[in-house]
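Each remark here refers to the structure printed beneath this line.
The values are calculated or read from the model by the stated rules, or taken from the named source; none is laboratory data. Quick caveat, the model's predicted, so the values are computed rather than measured. As a convention, Cβ positions derive from the backbone with ideal geometry for all residues, glycine included, and neighbour counts pool all protein chains shown. Accessible surface is based on the protein model in full, side chains and every heavy atom, while ligands, DNA and RNA are left aside. Shrake-Rupley method; radii C 1.70, N 1.55, O 1.52, S 1.80 Å.
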Amino acid sequence: MTSTLAAAMAAEMHDAAVIRLREESSAALFRGDLDIAAGLEKAADDLDAAQDQIGGTP
């Protein structure tokens, strides 16, 4: 596997994880679980920040 392919796969996994966290956050908001929604949003933001620190997505 080339490093470019590995980077692309990592970027796709990152994007999928952030999307899933935001979906779960929306579901928690719908249920009225504000603390859980806030935690999930923070996790998504932290994951994005970590991705930015290591060079962003290709």
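Check Ala28 against each of (1) free of Cβ contacts under 8 Å to residues at least 12 places away in the same chain; (2) surrounded by 10 or more Cβ atoms within 10 Å (Cβ to Cβ) and name the one condition it does not meet.
If we test Ala28 against (1) free of Cβ contacts under 8 Å to residues at least 12 places away in the same chain; (2) surrounded by 10 or more Cβ atoms within 10 Å (Cβ to Cβ), just (1) comes out false.
Exactly one condition in (1) hydroxyl-bearing (Ser, Thr, Tyr); (2) open to solvent by 50 Å² or more (accessible area, probe 1.4 Å); (3) at pLDDT 95 or above is false for Thr57; which is it?
For Thr57, the failing item is (3).
How many residues are farther than 13 Å from Asp45 by Cα and either touching a Cys at 6+ places or on another chain (Cβ under 9 Å) or open to solvent by less than 40 Å² (accessible area, probe 1.4 Å) (or both) if we restrict to segment 11-25?
The total comes to 1.
When you scan segment 19-58, how many residues do you find that are in a helix (DSSP H, G or I), within 19 Å of Ala7 (Cα to Cα) and touching a Ser or Thr at 6+ places or on another chain (Cβ under 8 Å)?
1
Could you please let me know if Asp33 is under 9 Å from the mean Cα position of the chain (by Cα) and either small (Gly, Ala, Ser) or open to solvent by less than 60 Å² (accessible area, probe 1.4 Å) (or both)?
No.
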